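Data block below; observations after.
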Amino acid sequence: MTLTLTRHADVTALLTDPRFDVPTAPPAPHGLAWLRGAVSRFSRGDRHTHRRGLATALLPPAAPLRAAAAARAADPRATPPDVPVTVLAAALGVRRPVHEQVARMTPGYFGRVQTGLSEMDAAVEDLVAAFGGERTERVAAAIGLLVQAHEATAGLVTRALAVLRQKAATTEPGSRHPHPVGPIAAILAETLRYDPPVPTMRRECLVDHDHPRLGRVAAGEVVVLDLAAANRDPDVFTDPDRFDAGRPNLDQVLTFGSGPRACPGRDHALALALGTVEGVLSRG
Ligand code: HEM
């Protein structure tokens, strides 16, 4: 039976509970296994702190990503969900397109599939080459930024564009407002709550103990944190099943995680998604 937490308070508490941590990946010499074994996302303790530091040091300033994404997405030949990772890769100094390589290895990076590993290994090795050719922790951190960024930010863009399309279809023709559903940033923020592109996270129990909500939990057991459900917890969000871009407490949304492992790319994701949506809307 899968152990799952769905309440906002329980998910938030577990994310700072020292009796739980992320599932880890062992060190490996090359390919996808090397990447997973060398990034912060699948590391614990001091190693996590060190590798997270490498990743955050590489992050470019977030604000300029908005204009860069808008310019790219304004081109009708650009595929909107590919824009964020393409713009981020360029800001990290990559001089050629790499979004296909990132997309190819993403399912294996997150451990969702065990097949097609040789293609994913080749994609990782090509990304290593794009970052100079050496398999260092710093290069792993840079590739880690791209893979962490890609699917989630693309998912946010796709969802927000669907909301805008649906709302535009139900708005009076001739409305004076350029974006009839309100500021795009507010739409993005509520989309992250209402339909999160990363709906769950996992944590592994480190020591046998009695948990107030889960009961007896044994070391090694995995707990699923249902962010999508926690984001609709009626104790925190009034009328949670209603899409409301004017909510006052969107800072409590759990889609970027919480605690010491919370997403360090939040501002980047928002700048990239905002710019991409603005660019698409500017196409007319
Ligand atoms: C809508 C877009 C995004 C969402 C929803 C998202 C969500 C998350 C979440 C929930 C985590 C924590 C996972 C956990 O605790 O197990 C995380 C980690 C991370 N994210 Fe994001 N993310 C997004 C975009 C980005 C972007 C654009 C970047 C980079 C520019 C990024 C870089 C990272 C990194 C490096 C980690 C690992 C942090 C660590 O190991 O401590 N993310 N993200």
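The values are calculated or read from the model by the stated rules, or taken from the named source; none is laboratory data. Remember, predicted model here, so these are calculated numbers, not experimental data. Cβ sites come from the backbone with ideal geometry, for glycine too, and all protein chains shown count toward neighbours. Surface areas here come from the heavy atoms of the whole protein model, side chains and all, with no ligands, DNA or RNA. Shrake-Rupley method; radii C 1.70, N 1.55, O 1.52, S 1.80 Å.
In segment 188-203, the residues that are of a type outside the set (D, E, K, R) form Cβ pairs under 7 Å with partners that are buried (at least 22 other Cβ atoms within 10 Å of the Cβ) and in a strand (DSSP E or B), at six or more places apart or across chains, as follows: Thr200/Leu225; Met201/Leu225. Taking segment 187-229 as the range and being within 15 Å of the ligand (Cβ to nearest atom), over 17 Å from the mean Cα position of the chain (by Cα) and of a type in the set (D, E, K, R) as the test, only Glu204 passes. Considering the conditions (1) touching a residue at least 12 places away in the same chain (Cβ under 8 Å); (2) closer than 18 Å to Leu270 by Cβ, Thr106 is excluded by exactly one of them, (2).
Restricting Thr16, Thr6, Thr86, Thr2 to those that are within 13 Å of the ligand (Cβ to nearest atom), in contact (Cβ under 8 Å) with a residue 40 or more places away in the chain and polar (S, T, N, Q) reduces the list to Thr16. Can you pull out the residues in segment 61-80 that are within 17 Å of Glu100 (Cα to Cα) and either touching a Phe, Trp or Tyr at 6+ places or on another chain (Cβ under 7 Å) or open to solvent by 40 Å² or more (accessible area, probe 1.4 Å) (or both)? Hits for segment 61-80 are Arg72, Arg77, Thr79. Among the residues of segment 81-95, not one is open to solvent by less than 30 Å² (accessible area, probe 1.4 Å) and modelled with pLDDT under 95. Cβ-Cβ distances below 7 Å connect the following pairs, each with a first residue in segment 257-268 that is closer than 21 Å to Arg47 by Cβ, a second residue that is of a type in the set (Phe, Trp, Tyr) and within 6 Å of the ligand (Cβ to nearest atom), and a separation of six or more residues or different chains: Ala262/Phe256; Cys263/Phe256.
For segment 23-60, a residue qualifies if it is part of a helix (DSSP H, G or I), open to solvent by less than 50 Å² (accessible area, probe 1.4 Å) and touching a Phe, Trp or Tyr at 6+ places or on another chain (Cβ under 8 Å), and the qualifying residues are Leu32, Leu35.
If you go through segment 230-261 and keep only what is open to solvent by less than 20 Å² (accessible area, probe 1.4 Å) and within 16 Å of the ligand (Cβ to nearest atom), you end up with Ala230, Asn231, Leu254, Thr255, Gly257. Identify, please: which residue in segment 262-284 is more than 8 Å from the ligand (Cβ to nearest atom) and not in a helix (DSSP H, G or I) and is, among those, farthest from Arg77 (Cα to Cα)? Ranking the qualifying residues of segment 262-284, first place goes to Gly284.
Condition first: crowded, with 17+ Cβ neighbours inside 10 Å and either in contact with a Ser or Thr (Cβ under 6 Å, 6 or more places away or on another chain) or in a loop (DSSP other than H, G, I, E, B) (or both). Can you find one or more residues in segment 96-114 that meet it? Within segment 96-114, one or more residues are crowded, with 17+ Cβ neighbours inside 10 Å and either in contact with a Ser or Thr (Cβ under 6 Å, 6 or more places away or on another chain) or in a loop (DSSP other than H, G, I, E, B) (or both). Examine segment 249-258 for a residue that is of a type in the set (A, V, I, L, M) and either touching a strand residue (DSSP E or B) at 6+ places or on another chain (Cβ under 6 Å) or part of a helix (DSSP H, G or I) (or both), and state whether such a residue exists. Checked segment 249-258: at least one residue is of a type in the set (A, V, I, L, M) and either touching a strand residue (DSSP E or B) at 6+ places or on another chain (Cβ under 6 Å) or part of a helix (DSSP H, G or I) (or both). For segment 115-165, a residue qualifies if it is within 14 Å of the chain's Cα centre (by Cα), over 29 Å from Thr49 (Cβ atoms) and open to solvent by 50 Å² or more (accessible area, probe 1.4 Å), and the qualifying residues are Thr158, Arg159.
Looking across segment 262-279 at every residue that is surrounded by fewer than 20 Cβ atoms within 10 Å (Cβ to Cβ) and out of contact with any helix residue (DSSP H, G or I) (no Cβ under 6 Å at 6 or more places or on another chain), the one that is farthest from Val157 (Cα to Cα) is identified as Ala262.
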